[in-house]
Structure formats: structure tokens, C-alpha cells
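Got a structure here, written out as C-alpha cells. Questions coming.
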């Protein structure tokens with residue numbers, strides 16, 4: 001089994017960003033996600049230009065944009081331009097909105113809205129005339145074949161992604177029972193459209209942290225774990241394999257989540273919130289985090305791989321980003337990608 005790895009670099013230092021993406025490219029990662037939350041981070045397509053100019057191999061694109069803050073013709077032209085600039089390495093991720101929607105005063109997009117947006121952007125990129133919200137749209141640039149990914153965690157979104165997307169950025173977690181359940185939902189959607197799982201590029205969204213112990217890694221990733229729980233519960237927490245005795249704490253976190261501190265280093269309200277909810281903390285850390293020593297990380301990834309997950313996309317929001325990228329590449333990715341010895 002080949003394992004794939006990607007990172008989303010939370011851009012809290014625009015001047016350092018070119019060096020970051022060069023390092024990620026050189027260290028053998030497969031994809032780079034660009035944060036798209038306009039009130040919190042630098043402009044996505046500015047960081048996209050920096051990625052195009054400072055990498056040669058890695059694919060990259062927004063992880064993820066949404067139908068609420070970018071009109072489809074603006075988004076299609078932006079991602080198509082990045083695809084030209086990078087020699088065909090762009091990808092386009094779409095989600096419900098999360099922090100981008102909240103800070104724009106909007107509710108997360110519905111599944112039907114996301115599907116309509118995806119089909120509109122795809123048609124525009126192909127040079128087709130499309131109708132969006134009752135208005136005919138067309139883009140007059142040369143067609144670009146940019147793959148479109150859906151960020152999905154709930155059953156309806158997972159089925160829709162399986163039916164129409166080129167790939168899925170899966171936010172359900174990586175413990176085996178969740179992986180197997182999630183693949184079943186995506187498969188249902190794919191088969192309803194005459195497709196199969198092999199037609200989709202599947203990436204599992206979670207956190208990773210190298211540390212002296214699993215417990216230390218979990219503690220250092222509480223901010224991200226809280227963000228993933230919150231994203232999971234933006235519409236409903238039902239049907240998402242959260243244990244009954246954890247649901248109450250999960251709803252409390254969603255109700256009290258601080259979007260102004262969304263996955264920002266140094267902003268601890270959401271980490272403190274999750275720390276105060278012991279059952280949820282244990283569940284979220286086990287579900288969403290690969291962490292500990294390199295050997296522990298390798299073992300956790302192999303366990304997820306046996307359940308059907310083989311591509312992992314980490315969110316890197318902490319200050320020592322490049323230290324993590326180099327160490328993870330050398331100490332975790334390299335062993336996983338080395339040929340296994342023949343017995």
C-alpha cells in the first residue's frame with residue numbers, strides 16, 4: 001500500500017510562506033492546502049501564487065473554499081489561473097464554510113448548495129455555459145481540467161461527494177470503525193451514479209504531532225481537535241458515530257466554540273474548552289490525531305490503512321511548522337514508503 005501525505009499550512013507569516021512551501025515540496029508531500037477564511041488569514045489566491053512560484057512538484061489549492069464568500073465565476077477564474085501558473089498542479093476544495101461562513105455573518109452552506117456550486121465551477125472551467133441561481137454564466141478563458149474535492153463529514157455530504165466530486169477531503173476521523181463506516185457512505189453515493197470508490201481521490205483530514213509520548217501529542221493538538229469536532233457539528237452531530245455519552249459534551253463545544261480563535265496558535269480558548277470536557281477530549285484525540293513518537297505514528301497510520309485510509313492531510317497550525325515537516329518526512333513518511341522486507 002502506498003501512503004499519501006498532505007499538509008495545510010495555516011499562514012500566520014506571509015513573508016515566510018514561500019520558504020515553507022519549498023520545504024514541503026522538497027520533503028515529498030503530495031498536496032498543500034491553502035486556508036480560505038478571509039477574516040482570519042491572508043488571501044488564499046495570493047498564497048496560491050506563492051505556492052505556484054516556489055514549488056515544482058506538489059499539488060495545491062484551497063482547503064477549502066465555500067459557496068458563500070466567493071462567486072463561482074470568480075472562484076473558477078482564480079483556480080484556473082493558478083492551474084495555468086503552476087503547469088496543471090492546482091486542485092479546488094469546496095466545503096460548507098465553517099469559520100469563513102461564521103466570520104462573514106452567514107450560516108454554513110447546505111449540501112444541495114455545495115453540489116450546485118461544484119457543478120457550476122466545473123462547467124465554467126470546462127468552458128461550458130451554465131445556469132447558477134437562475135443566471136446564465138460563462139467564462140471565456142481556455143478550459144482547464146482542475147479536480148474538485150468536497151470536504152465532507154456528515155452522511156449526506158459524503159454521499160453527495162461520492163456521487164459528483166473528483167475527490168473527498170474526509171473529516172470523520174481515522175479510527176478503524178469510523179473509516180469503514182465513512183467508506184461505506186462514499187461508496188453508496190458513488191454507486192448511485194454508476195461510479196466506484198476507485199474513481200475518487202480520498203484524503204483523510206486529521207492532525208499529526210511528533211512528541212515524546214502519545215499523551216503529549218494529544219495535549220499539543222487540542223486546538224485542532226476542537227476545530228474538527230466543531231466542524232463535524234455545524235449542522236448536526238447526529239449520525240456521526242459519536243458515542244451517546246459524549247454527545248452532550250460535543251454539543252456544548254459546538255455551542256461555545258470561539259471562531260475568532262479558530263486553529264490559531266497562541267489563542268487557547270478552544271483548547272481550554274475541550275480540556276474541560278474529558279469524555280469528548282479523549283474521544284476527539286483518539287479519533288482525529290496521529291501523534292507520539294515516530295514509531296507510534298507509523299503504527300497508527302498503518303492501523304488506519306488496514307481499515308481503508310491511505311492518504312492523510314494534516315493541518316499544521318503550530319509555530320514550528322518546518323521542524324515538523326522535516327521530521328515527519330524523515331521519521332514517519334520514509335519508513336511507510338520504504339519497501340517492506342520480504343519474509
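Please treat every number below as a calculation from the coordinates, not as lab data. Everything quoted here is computed from the prediction, not taken from an experiment. When we count neighbours, we look across all protein chains shown, and the Cβ atoms used for this are built from the backbone with ideal geometry, even at glycine.
Looking only at Cα atoms, what is the convex hull volume of the stretch 99-214 per residue, in Å³?
Taking only Cα atoms, the stretch 99-214 has a hull volume of 161 Å³ per residue.
Related question: Given R₀ = 25 Å, what would the calculated FRET efficiency be for residue 57 paired with residue 15, taking r from the Cβ atoms and rounding to 0.05?
0.60
Okay, moving on. Using Cβ contacts closer than 10 Å as the measure, can you line up 45, 149, 132, 117 from fewest to most?
132, 45, 117, 149
Continuing with this model, one more query. What is the distance in Å between the Cα centres of the stretch 199-216 and the stretch 284-336?
4 Å
I need the per residue convex hull volume for the stretch 272-343, using only the alpha carbons, in cubic angstrom as a whole number.
121 Å³
Another question, then. Give the calculated FRET efficiency between residue 129 and residue 295 to the nearest 0.05, with a Förster radius of 45 Å applied to their Cβ-Cβ distance.
The computed FRET efficiency comes out at 0.25.
Can I ask one more? Projected area of the chain, taken from the Cα convex hull and averaged over every viewing direction, in nm²?
That works out to 17.1 nm², a quarter of the Cα hull's surface.
To the nearest 0.05, how large is the calculated FRET efficiency for residue 192 and residue 71 if R₀ is 30 Å and r is the Cβ-Cβ distance?
0.55
Here's a follow-up. Would you kindly compute the Cα radius of gyration of the stretch 201-343 and its largest Cα-Cα separation (Dmax), both in Å?
Values for the stretch 201-343 (Cα only, Rg and Dmax): 15.7, 53 Å.
Quickly estimate the mean residue ellipticity at 222 nm for the chain, helices only: each DSSP H run with n ≥ 4 gives -39500 (n - 2.57), and the total goes over all residues, rounded to 500.
That calculation yields -14000 deg cm²/dmol at 222 nm.
Still on this structure, please answer the following. When all C-alpha to C-alpha distances in the stretch 69-159 are sorted into bins of 10 Å, what percent of pairs does each bin hold, rounded to whole numbers?
It works out to 16, 47, 32, 5, in whole percents.
Cα atoms only: what Rg and Dmax, in Å, come out for the stretch 147-236?
When restricted to the Cα atoms of the stretch 147-236, Rg and Dmax are 14.4, 47 Å.
With only alpha-carbon pairs counted, each pair once and no self-pairs, how large is the Kirkwood hydrodynamic radius of the stretch 132-192 in angstroms?
The answer is 13.1 Å.
Starting from the exponent 0.38 and prefactor 2.2 Å, build the expected Rg for the stretch 1-102 from its residue count and divide its actual Cα Rg by it.
With N residues counted in the stretch 1-102, Rg over 2.2 N^0.38 Å equals 1.02.
Stokes-Einstein diffusion coefficient for the stretch 235-297 at 37 °C in a medium of 0.692 mPa s, Rh from the Kirkwood formula over Cα pairs: what value in µm²/s?
253 µm²/s
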